[in-house]
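To start, the structure itself, in structure tokens.
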Amino acid sequence: MVLHSPYHSPVPPMLDDSPSFQMARRQLDTVAEVINLDKGLLQRLAYPKRSMMVSIPIRMDDGRTEVFFGYRVQHSLTSGPSKGGLRYHPGIDIGEVTALAMWMSWKCGIMNLPFSGGKGGIAVDPAKLSKSELERLTRRFTEEVLSIIGPRQDVMAPDMGTNEQTMAWIMDTYSMKIGYCCPEVVTGKPVEIGGCLGRREATGRGVTYCILEALKDLNIAPSHSTAVVQGFGNVGSVTCQELHQRGIRIVAVGEQHGSLGNPNGIDIPLLRAWVDSGKKLHEFPGGVAIPSEQLLEVPCTVLIPAALDRVITAENAPRLRCTLIAEGANGPTTPDADIILQEKGIMVIPDILCNAGGVTVSYFEWVQDIQQLMWSEEQVNRKLEDLMLNAYSRVRNLSVTRGLTMRTAALALGVQKVVAEMNKRGLFP
Ligand code: NAD
């Protein structure tokens with residue numbers, strides 16, 4: 001008998017059945033050939049070092065008990081504590097979390113951060129739970145995975161469906177368990193309890209730095225550029241703001257419940273205020289509602305998927321009318337779509353480079369918490385820009401010199417960094 005619940009998907013599918021995991025594996029196999037990776041090392045990298053699946057019983061506000069499925073995956077522990085977000089989404093499963101953890105390994109490798117890749121998730125629609133139910137869910141999940149997390153083991157951060165408040169509950173639960181205040185167990189916390197200035201905006205800022213560099217490479221002036229953004233959460237809304245400030249017109253934007261277009265450019269600060277006041281994005285008077293299935297196909301210079309994975313597929317890739325894709329989301333483009341985009345001459349700034357600003361400032365936050373020495377927002381932004389530009393130019397140079405796509409070049413740099421560390425450490429025992 002299958003137990004059905006209105007809150008989450010009832011049956012967790014296994015690893016190899018997952019399209020996201022298959023996609024991450026296919027990318028790894030492709031790059032393994034390019035860098036001539038040893039077969040034994042490929043086997044070690046193809047599956048996670050450690051995965052934990054937990055059931056999380058919580059008392060709902062009406063007195064019933066509900067059980068949710070949660071996951072924490074540590075792809076590798078070679079380069080330092082595993083690091084990666086915690087996602088609350090009804091469709092999340094072990095395969096998707098594993099793919100995301102693997103991508104985090106390569107991302108930390110490209111950015112030269114002393115972290116390995118990790119990721120977590122709970123199969124839940126957070127919009128259907130009250131704040132107190134979400135708090136109980138988060139605290140109980142933390143308790144269930146307590147044995148494998150910690151500032152030297154595995155450090156979580158916000159992702160889709162989670163935020164600073166979620167991180168504060170995790171930090172508090174962990175601190176209560178170990179008996180002292182431990183802000184460095186999570187990043188992306190509120191600034192009042194050891195969060196880093198500029199962390200909330202970091203991913204969108206990093207996406208913007210990459211876009212500006214790519215426009216230079218493509219010889220296109222920002223003032224002559226337009227953008228379409230899918231997602232108006234943390235990454236999407238900050239990217240919109242940053243691009244708008246630099247004179248790039250946002251001609252369409254969409255989120256879960258609808259999309260909005262305006263060929264003359266949407267007034268992003270006004271849209272932000274409209275959405276923050278609880279109104280629906282697609283009802284904003286400074287544009288017209290457009291069907292969400294057409295959003296990605298609106299003509300523009302830069303297309304920015306900043307919501308879900310696998311939204312650019314072999315089916316819709318032929319209809320895209322952009323010059324550049326900047327992947328704010330993780331895993332938005334399937335490998336089959338990649339081939340079509342390459343044929344069409346569309347440049348892709350891959351997720352593991354483009355959205356790496358988040359984990360980079362998470363690293364800054366972790367360092368500040370350990371040192372108990374906090375930086376100014378200006379210091380944070382300056383260091384973020386330095387590291388993003390440096391990573392972009394290393395990926396771009398490899399792509400040009402070896403004739404690789406930006407994705408393959410980024411994967412090659414990320415995988416090679418992890419492999420170099422594995423080789424130096426050797427194989428225990
Ligand atoms: P978020 O929860 O703040 O926002 C998600 C947005 O996606 C919302 O606007 C939501 O309405 C929209 N969305 C959901 N379903 C959609 C659908 N079917 N169609 C269109 N829009 C839809 O999440 P976020 O933190 O902005 O993360 C977005 C993506 O960026 C994820 O892939 C995440 O892994 C990635 N990412 C986030 C960070 C970070 O620091 N937050 C860092 C790196 C990568």
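The values are calculated or read from the model by the stated rules, or taken from the named source; none is laboratory data. Being a predicted model, the structure only gives us computed values, none of them experimental. Note that we place each Cβ from the backbone using ideal geometry, even for glycine, and neighbour counts take in every protein chain shown. Heavy atoms of the whole protein, side chains included, go into the accessibility calculation; ligands, DNA and RNA do not. Shrake-Rupley method; radii C 1.70, N 1.55, O 1.52, S 1.80 Å.
A few remarks follow.
- Antiparallel beta bridges, as assigned by DSSP with both residues in segment 1-146, represent about 75 percent of the total such bridges.
- Separation of segment 388-412 from segment 45-106 is 30 Å, based on Cα centroids.
- Whole-number accessible area per residue in Å² for the chain, which is evaluated in the context of all protein chains at 1.4 Å: 42 Å²
- Share antiparallel - DSSP beta bridges, the chain, percent rounded to 5: 45 percent
- Stretching the chain fully between ASP386 and SER277 yields a gain of 35.7 nm (0.36 nm per residue, less the alpha carbon separation).
- Full extension of the segment from ILE178 to MET374, taken as 0.36 nm per residue of separation minus the current Cα-Cα distance, would add 68.2 nm.
- With helices as the sole contributors, the chain gives -14000 deg cm²/dmol at 222 nm; each DSSP H run of n ≥ 4 counts as -39500 (n - 2.57), and the sum is divided by every residue.
- Once both labels are positioned 7 Å from their Cα atoms along Cα-to-Cβ, the gap between MET53 and LEU41 label points is 3.1 nm.
- Net lengthening on full extension, ARG402/ILE193 (0.36 nm per residue, minus Cα-Cα): 70.7 nm
- The chain, dipole about Cα centre (Lys/Arg Cβ +1, Asp/Glu Cβ -1), debye to the nearest 20: 780 debye
- Filtered trypsin sites (Lys or Arg not before Pro), segment 83-178: DSSP coil and at most 14 other beta carbons within 10 Å: ARG152
- Across segment 150-227, Cα-Cα distances exceeding 17 Å account for 55% of all pairs.
- Global form of segment 48-180, assessed from the alpha-carbon gyration tensor, a/c cut-off 1.5: prolate
- Antiparallel beta bridges, as assigned by DSSP with both residues in segment 202-354, represent about 30 percent of the total such bridges.
- Here GLN165 and ARG321 are evaluated by their C-beta separation; at R0 = 22 Å the FRET efficiency comes out at 0.05.
- Of the two radii for the chain, the radius of gyration is 0.95 times the Kirkwood radius, both from the alpha carbons; that is the Rg over Rh value.
- To put it simply, the accessible area of the chain at a 1.4 Å probe is 52 percent carbon and sulfur.
- Which of VAL415, HIS244, ALA326, positive extreme of dipole for the chain (C-beta unit charges): VAL415
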